[in-house]
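Reading through the structure tokens given below for one structure.
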Amino acid sequence: MFKVNENFLKLPEAYLFSEIARRIGAYTEANPGADIIRLGIGDVTSPLCPAVIDALHKAVDEEASGSTFHGYGPEQGYGFLTSLIAEHDYRRRGIAMDEDEIFVSDGAKSDTGNIGDILSAAGSVALTDPVYPVYHDTNVMAGRRIQTLPCTEANGFVPELPSARPDIVYLCYPNNPTGTVLTRPQLKMWVDYCRREGTLLLFDAAYEAYVTDPDVPRSVYEIEGARETAIEFRSYSKTAGFTGIRLGYTVVPKELCGADGNGGRVALNPLWRRRHPTKINGATFLIQRAAPAHYTPEGAAQSGEIIKGYLGNAALIREGLGRAGYKCWGGTDSPYVWVKTPDGLSSWEFFNLLLTQCQVAGTPGCGFGPSGEGYLRLTAFNTPVQTRRAIERIARLF
Ligand code: PLP
């Protein structure tokens with residue numbers, strides 16, 4: 001009989017969001033008409049901005065005519081988009097970037113998982129705990145050894161350098177789920193470490209658009225030497241509301257090299273470029289046509305307003321709960337607020353309490369790793385009115 005990939009049998013049950021849905025479903029069934037406010041989901045709630053909608057309509061019209069129709073496109077992304085990315089997201093911010101270092105995809109989730117295709121499965125991986133589960137599960141699927149870097153109140157949810165050298169380390173800042181950020185010196189410490197140790201840094205910048213503090217880097221390439229050690233993942237999901245239509249990109253600098261079995265240097269950019277024509281036919285033309293609208297002054301202003309709104313909600317959560325005596329982290333350069341459960345409650349106990357006493361749904365921190373136990377993640381992805389109502393209800397709880 002054929003064999004399965006037994007690594008899949010080592011995966012934890014992907015139960016977190018289905019269990020949350022089950023508990024909310026059971027509560028609403030027992031309490032018909034319950035006015036539940038959802039502050040748990042990591043998905044945007046504002047519709048796409050008008051500039052993007054306009055560009056999408058125009059792209060559909062292009063596909064309707066023989067003279068402008070686009071079939072298969074370049075697997076790494078259309079030049080009209082990669083040139084804008086290199087210019088707006090990097091060069092205008094003082095970061096050197098060539099277009100052929102940018103690879104457009106259907107989102108950062110796929111890329112943070114798929115990047116393992118070009119890396120040895122025998123390598124070890126260091127992951128923060130708590131963590132965005134995709135890094136963990138995709139590396140378990142590949143059979144890599146995993147080392148965890150606990151992020152706790154004691155270290156301000158910023159991991160210490162690993163005690164044993166990993167081949168790969170994933171960092172995500174602004175962080176999901178804790179909402180914390182790295183300062184420039186903190187990120188520099190990681191870049192220096194990775195260069196010194198020959199460790200690949202996989203930097204997930206999915207929430208860079210939420211950074212307002214000038215001392216917080218939006219890109220790992222703001223740090224000197226990062227081009228020799230880091231890959232960066234970006235997403236239009238939380239930046240421009242593309243969670244449903246899907247678009248992201250990955251930067252693989254040309255200087256970045258790993259080793260072959262004989263210790264020879266191998267550049268990663270050509271390997272990732274080689275992978276694409278074999279495994280994907282690129283992100284859809286329509287969606288790539290929509291993304292340039294995000295870089296126009298009009299589009300940038302519209303999506304900027306939406307992000308400002310989410311950051312306003314994050315401030316309502318952080319400040320409102322802080323006044324009510326809760327300990328919270330994140331929520332300043334991030335849409336996520338990490339709340340310590342009161343009275344030593346477990347994550348699920350606090351989740352149940354908020355659901356049944358306040359009709360507010362959060363996400364139990366333990367779903368992101370053992371160090372998330374005793375915490376709950378609240379998100380800014382709702383309206384200001386609903387966010388304010390939710391926080392007033394929680395503040396009245398004790
Ligand atoms: N990276 C992090 C840290 C995320 O939180 C998410 C989505 O929640 C993603 C990546 C996924 O981004 P995308 O929608 O581009 O796949």
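The values are calculated or read from the model by the stated rules, or taken from the named source; none is laboratory data. Bear in mind the structure is a predicted one, so any value in this text is a computation, not a measurement. Heads up, the Cβs are rebuilt from the backbone with ideal geometry, glycines too, and the neighbour counts pull from every protein chain shown. All accessible areas refer to the heavy atoms of the entire protein, side chains included, with ligands and DNA or RNA removed. Shrake-Rupley method; radii C 1.70, N 1.55, O 1.52, S 1.80 Å.
Numbers for the structure displayed
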quantity	calculated
Cα gyration tensor, the stretch 243-324 - rounded (a/c under 1.5), prolate or oblate	oblate
Fraction of accessible area attributable to carbon and sulfur, the chain (%, probe 1.4 Å)	54 percent
Amide proton proximity set for Gly331, modelled H, under 5 Å, gap of 5+	Tyr336
Within the chain, percent of DSSP bridges classed antiparallel, to nearest 5	50 percent
The chain: Rg to Rh, with Rh as the Kirkwood radius over Cα pairs	0.97
Potential extension, Glu99-Ala26 segment - 0.36 nm per residue separation minus Cα distance	21.2 nm
Accessible solvent surface per residue of the stretch 13-104, calculated while the other protein chains remain in place, 1.4 angstrom probe, Å²	55 Å²
Helix-only [θ]222 nm of the chain, DSSP H runs n ≥ 4, -39500 (n - 2.57) each, per residue, nearest 500	-10500 deg cm²/dmol
Residues of the stretch 115-241: accessible area per residue with a 1.4 Å probe, Å²	33 Å²
For the chain: relative contact order, % (alpha-carbon pairs under 8 angstrom, 6 or more apart)	22 percent
Three-way shape label, the stretch 1-138, alpha-carbon gyration tensor, a/c 1.5	oblate
Rel. contact order, % - alpha carbon contacts under 8 angstrom, at least six apart, the stretch 217-319	18 percent
Residue-normalised accessible area of the stretch 349-398, given per residue in Å² at a 1.4 Å probe	37 Å²
Dipole of the chain, positive direction: furthest Cα of Ser83, Pro270, Leu9, with charges on the beta-carbon	Leu9
